[in-house]
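I have a structure I would like to understand better, so I am pasting it below and will then ask my questions one at a time.
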Amino acid sequence: MKPILTVENLSVSFTRYGRGLSRVELNPIRRLSLAVEPGQVAAVVGASGSGKSLLAHAIFYLLPRNARVSGTLLYDGVPLTRPLAESLRGRELALIPQGVTYLDPMMKVGPQLCRGQRDQASRLRCRQALGRYGLGPEVEELYPFQLSGGMARRVLIASAVAGEPRLVVADEPTPGLDLRAAGRVLGHFRELAGQGAGVLFITHDLNLALTVADKIVVLQNGQTVDEVPACALQKGEGLTHPYTRALWRAMPQNAFDPGEEVGGP
Ligand SMILES: Nc1ncnc2c1ncn2[C@@H]1O[C@H](COP(=O)(O)OP(=O)(O)O)[C@@H](O)[C@H]1O
Ligand SMILES: [Mg+2]
């Protein structure tokens, strides 16, 4: 099937200026490639600092201005340019950012969710979006500072997916949520995929990824080192890359066996 999102050879680099004239080149993402098909939940799993948020931000053209970016982004087969990404964001393209600071502190939750649309249908859709994350209509009247961390996170997710997206990029969406709320979010991703959307679920938690994903893309130091079907990882079968094996063996249910090498650089 034709991917809804293709990332090809994405590289992101920064120049850091030290004392005097010294310059350091940082390359946190190097030739990263992945694809998400319609109907698929693809999880990107990597340790903290492996480049997951930079990847999400690159897709939405949200990287800081001093970032140098190269590579190809395709959305539904056409180049995903900055104008296209900006015009589709919040509608066909949904980003659930890692930080809740992305909520507008000056705007009440209701208008924020409806993006200024006041018609009856939009309001109903927003109310339903809140409702499915266990938030009542009274939340619409609150400002972000009046929300607890978990509530803010649920508002952010509701806001991102209220517009019937065709591609969802979720950057560590569940920290701060209790198990039930996290389960609801992941269940909603599955449901969106069932309706034909592609979901890129970014997480450091392989166990969590396996509860929802069809395939796992393993990220290490800004590079995709492996891509495996979730079922293979569940069983621990056919894992050839040492880092993927190490990830698998680090899961609590796969008790550490000192007889085998741990692998990974
Ligand atoms: N604006 C920036 N300037 C320089 N380095 C950055 C910048 N943003 C992120 N990095 C570095 O890039 C790496 C990946 O960051 P990030 O994508 O946030 O990781 P994570 O996988 O935890 O989301 C980190 O080492 C981080 O320090
Ligand atoms: Mg991150």
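Under 1.5 on a/c is rounded, so check that first for the stretch 114-229, then, if it is not, pick prolate when a/b is larger than b/c and oblate when it is not; a ≥ b ≥ c are the square roots of the alpha carbon gyration tensor eigenvalues.
prolate
Moving on. Among THR211, VAL45, PHE60, which residue has its Cα furthest toward the positive end of the charge dipole of the chain, with +1 on Lys/Arg Cβ and -1 on Asp/Glu Cβ?
Of THR211, VAL45, PHE60, it is PHE60.
If you place +1 on the Cβ of every Lys and Arg and -1 on the Cβ of every Asp and Glu, how big does the dipole about the Cα centre of the stretch 1-97 come out, in debye to the nearest 20?
500 debye
Compute the relative contact order of the stretch 96-165 as a whole-number percentage, counting only Cα pairs closer than 8 Å that sit 6 or more residues apart in sequence.
So the answer I get is 45 percent.
Ok, one more. State in Å² the accessible area per residue of the stretch 33-186; use a 1.4 Å probe, count heavy atoms of protein chains only, and round to the nearest integer.
That works out to 48 Å² per residue.
While we're looking at this one, here's another question. Whole number please: convex hull volume per residue, Cα atoms of the chain, in Å³.
Each residue corresponds to 156 Å³ of Cα convex hull volume.
Just THR174, THR240, THR81 to compare: in a GNM of the chain, with alpha carbon springs under 10 Å, which one fluctuates most?
Fluctuation is largest for THR240.
Among SER13, TYR143, ASN27, which residue has its Cα positioned farthest towards the positive end of the charge dipole of the chain, with +1 placed on the Cβ of Lys and Arg, -1 on the Cβ of Asp and Glu, and the dipole taken about the Cα centre?
Highest projection toward the positive end goes to TYR143.
Can you give the direction-averaged projected area of the convex hull of the alpha-carbon atoms in the stretch 1-123, in nm²?
10.6 nm²
Any idea what diffusion coefficient the stretch 122-165 gets from Stokes-Einstein, in µm²/s, Kirkwood Rh on alpha carbon pairs, 10 °C, 1.306 mPa s?
Stokes-Einstein gives a translational diffusion coefficient of 153 µm²/s.
Which order do TYR243, TYR143 take by accessible area at a 1.4 Å probe, largest first?
Listed by decreasing accessible area, they come as TYR143, TYR243.
Go ahead and estimate [θ] at 222 nm for the chain from helices alone: -39,500 (n - 2.57) per DSSP H run with n ≥ 4, summed, over the residue count, rounded to 500.
-9000 deg cm²/dmol
If you put +1 on each Lys and Arg Cβ and -1 on each Asp and Glu Cβ, how big is the dipole of the chain around its Cα centre, in Debye rounded to 20?
Its charge dipole is roughly 720 debye.
While we're on this one: Out of LEU103, LEU179, LEU192, any idea which swings most in a Gaussian network model of the chain, alpha carbons joined below 10 Å?
LEU179
How much net charge surrounds GLY110 when only the other residues with a Cβ under 13 Å from the Cβ of GLY110 are counted, with Lys and Arg +1 and Asp and Glu -1?
Spelling it out: positives minus negatives among the neighbours equals +2.
Moving to a separate point now. Using alpha carbons only, how many angstrom separate the centre of the stretch 75-138 from the centre of the stretch 49-68?
When both Cα centres are located, 20 Å separates them.
If the elastic network links every pair of Cα atoms under 10 Å, which of ARG190, ARG19, ARG31 fluctuates the most in the Gaussian network model of the chain?
ARG19
A further question on this structure: Report the label-to-label distance for TYR61 and ASN207 in nanometres (one decimal), using points 7 Å from each Cα along the Cα→Cβ vector.
Roughly 4.0 nm, to one decimal.
Further question on the same structure: Nearest 10 degrees, 0 to 90: what angle lies between the long axis of helix 179-194 and the longest principal axis of the chain (Cα atoms)?
The helix 179-194 is inclined about 90 degrees to the chain.
I'd like the antiparallel share, as a percent to the nearest 5, of DSSP beta bridges with both residues in the chain.
Percent antiparallel among DSSP bridges in the chain is about 55.
Calculate the FRET efficiency for MET251 and GLU138 from the Cβ-Cβ distance with a Förster distance of 35 Å, rounded to the nearest 0.05.
0.30
Carbon-plus-sulfur fraction of the accessible area of the chain, 1.4 Å probe, in percent?
53 percent
The values are calculated or read from the model by the stated rules, or taken from the named source; none is laboratory data. Please read all numbers here as calculations on a predicted model, not as lab measurements. Note that we place each Cβ from the backbone using ideal geometry, even for glycine, and neighbour counts take in every protein chain shown. To get the accessible areas, we keep the full protein, side chains included, count just its heavy atoms, and leave off ligands, DNA and RNA. Shrake-Rupley method; radii C 1.70, N 1.55, O 1.52, S 1.80 Å.
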